[in-house]
1. Could you put Met266, Met149 in order, starting from the residue whose Cβ has the fewest other Cβ atoms within 10 Å?
2. Provide the net charge surrounding Leu61, with neighbours chosen by a C-beta distance below 14 Å and charges set as Lys +1, Arg +1, Asp -1, Glu -1.
3. Rounded if a/c is under 1.5, else prolate if a/b beats b/c, else oblate: with a ≥ b ≥ c from the C-alpha gyration tensor eigenvalues square-rooted, which is the range 2-112?
4. Would you mind ranking Ser123, Ser25 so that the residue whose beta carbon has the fewest other beta carbons within 10 Å leads the list?
5. List Leu93, Leu335, Leu22 from most exposed to least, where exposure is judged by having the fewest other Cβ atoms within 10 Å.
6. At 7 Å along the Cα-to-beta-carbon direction for both Ala347 and Glu45, put a label point, then send me their distance in nm to one decimal.
7. Distance between the C-alpha centers of the range 291-345 and the range 266-289? Whole Å please.
8. What relative contact order, as a whole-number percentage, does the range 223-353 give when Cα pairs under 8 Å and 6 or more residues apart are counted?
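Each reported figure results from applying straightforward, stated rules to the coordinates on display, with no laboratory input. Bear in mind the structure is a predicted one, so any value in this text is a computation, not a measurement. Please note: Cβ atoms are built from the backbone with ideal geometry, for glycine as well, and neighbour counts cover all protein chains shown.
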Amino acid sequence: MLINATTPLAEARAEMERSYDLAPSPAAARETAGRYARVSRVIPEVDWAGYAPYIRAIEALKAERDAVILAHNYMTPEIFHGVADVAGDSLQLAIEAARAPNRVIVQCGVHFMAETSKILNPSKTVLIPDARAGCSLASSITAADVARMRAQNPGAKVVSYVNTTAEVKAASDICFTSANALEVVEAMPGDTVIMTPDGFLARNIAAQSTKRIVWWEGTCMVHERFTPEELRAYREDNPGIVIIAHPECPPEVIAEADFSGSTSGMIGWVRENKPEKVVMVTECSMSDNVAAELPETEFIRPCNICPHMKRITLENILWSLHSMTEEVTVSEEYLEPARAAIEAMMALKERKH
Ligand code: 13P
Ligand code: SF4
């Protein structure tokens, strides 16, 4: 068994045990009591006693290495509330990555997010606790596929989701995230826009856009599994429930939802509207992370797990900072053009605000 893509688990554990006091301990739990107060509704005290020594060791290493931890909203609560310096959706994490003054960035999320951080901050050391944390959307398309779509749609701009590899970003004109997809598509010149790689997100945007959209048929393995029948059943079983869904869901699912937005958009909506009962149609950890801070809202928790996001654990975050692995690199060939595509998206945001 491996702790990340390259290190044997037993070897990593033995080295960490020699270097840190990782036994569950009341003293570590007391030292991290402030953080536990944020998650006590979703993490039992006995589990926290096991997490606390890791959190304490990670915090000490962060200071020693001058590291910042950027965590996606799908991280488990002990990561999201326990060790993250910044938590957010893909757009917020990219913005923070560009600003980070630290020497080291630890990306708690999936590989394309770590690549985005490296592209925006090439002089920094970017670590991902497990480089096998991929994404079904990012692996669905190559730069050659993008080139074929361009050839079939001469003159059309290519807008690519940040959930893509550096190579695909480099082959695109501009990036977008679930927080700004419509804005980016509408800003493109011409009648036709090529949108990659999420076919459902593209259909959801096409329903609101003035452009003709040509898309790639990639899917998110988490969101494609939700069905409109499932959502109707939640409503029948829970009168008055509010349903909010991520735009990577199929259009029939979005049609059943009361609100759709990026992961941070969904969290913001719940924080602001404080519904009595809500279902977040997305990855499982989102509800736990928000439920931790909103006692007045009941979260109905049918959700799907992203196996890639769940590769990141407190244990491999500690190992990552201890061993300074796994370092994320981006080939020189893609660095500049991929950065141009991401910065074009950011420039659009700055022009608007
Ligand atoms: P957000 O940008 O909305 O956080 O989405 C990223 C993602 O991977 C959702 O599955
Ligand atoms: Fe990719 Fe879907 Fe996992 Fe997000 S939830 S990282 S889109 S597979």
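1. Met149, Met266
2. Around Leu61, the surrounding residues sum to -3.
3. oblate
4. Exposure proxy ranking, most exposed first: Ser123, Ser25.
5. Leu335, Leu22, Leu93
6. For Ala347 paired with Glu45, the spin-label model returns 5.6 nm.
7. Result: 19 Å between the Cα centres.
8. RCO, the range 223-353: 18 percent.
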